[in-house]
């Protein structure tokens, strides 16, 4: 294997590693947002839920969804 080939392979590995890391960070961040907003929705009083056009049942159903689902 030549030095140039080895160097190119190392560069691809670093690039792919960064891409995987960034993707993982983005996914975990999205999961946290899902969890936090569903928890906040479940805590809203009924009059606020009516203001945004959803029922208590709808809010509870949304809050029960796993954090990893959209």
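Just so you know, all these numbers are worked out from the coordinates, no wet-lab data involved. Here the structure is a predicted model, which means the values were calculated and not measured. Ideal geometry is used to build each Cβ from the backbone, glycine not excepted, and the neighbour counts take in all protein chains shown.
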Hey, does the stretch 13-33 have a residue that's within 20 Å of the chain's Cα centre (by Cα) and touching a residue at least 12 places away in the same chain (Cβ under 8 Å)? yes
Return the residues of the stretch 14-67 that are surrounded by 11 or more Cβ atoms within 10 Å (Cβ to Cβ) and outside any helix (DSSP H, G or I); say none if nothing qualifies. 44, 54, 55, 65, 67
Just one of the numbered conditions (1) at negative phi; (2) over 24 Å from the mean Cα position of the chain (by Cα) is not true of residue 53; which one? (1)
Please identify the pairs in which a residue from the stretch 50-63 that is closer than 20 Å to residue 36 by Cβ has its Cβ atom under 7 Å from the Cβ atom of a residue that is loosely packed, with under 11 Cβ neighbours inside 10 Å, counting only partners at least 6 apart or on another chain. 56/46
